Structures are given as C-alpha cells and as structure tokens.
1. Name every residue in the range 14-29 that is surrounded by 11 or more Cβ atoms within 10 Å (Cβ to Cβ), in a loop (DSSP other than H, G, I, E, B) and within 17 Å of the chain's Cα centre (by Cα), in order of residue number.
2. Any residue in the range 41-52 that is touching a residue at least 12 places away in the same chain (Cβ under 8 Å) sitting within a Cβ distance under 9 Å of a residue that is in a loop (DSSP other than H, G, I, E, B) and surrounded by 10 or more Cβ atoms within 10 Å (Cβ to Cβ)? List the pairs, counting only those 6 or more apart or interchain.
Amino acid sequence: MSAKQPENIHPICANCYGKCKQNDKVKLVVCPHHDPHPVQLELKLVLPKKPRKKRQAG
C-alpha cells in the first residue's frame with residue numbers, strides 16, 4: 001500500500017516533481033531536492049498596425 005499524501009502540502013513542495021512532499025505546517029525555507037515543474041511564459045507581442053500596400057495588377 002502506498003503512503004498517503006498529506007492534504008495540506010507546503011507551497012514550495014506543491015510545484016515540485018519530487019516525492020518528498022512536506023506538510024504546510026513545516027517551516028521550510030529551501031529544499032535541496034527541489035525540482036520545479038516547467039512554467040510556460042506567455043509573451044504579448046505589440047506590433048505596430050500599418051495599412052497594407054495594395055498590389056499592382058498584372
């Protein structure tokens with residue numbers, strides 16, 4: 001039978017791949033085994049709006 005995960009996980013441990021999850025009552029400053037999940041950043045591109053040039057027929 002596997003170990004039961006604590007209901008209240010520490011915020012540092014919440015986004016970690018490791019299986020060493022700590023309870024939120026533990027005063028944890030830094031975890032030496034911290035391997036965070038990757039975060040995808042969204043970048044807003046602000047492009048200047050220029051009127052399109054008309055094509056020449058032919």
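Every read-out reported here was derived from the displayed coordinates using simple, explicitly stated rules and does not represent laboratory data. A quick note: this is a predicted structure, and the numbers were derived from the prediction, not measured. A quick note on method: Cβ atoms are made from the backbone with ideal geometry, for glycine too, and the neighbour counts reach across all protein chains shown.
1. N15, G18, listed by residue number.
2. Note: no pairs meet the criteria.
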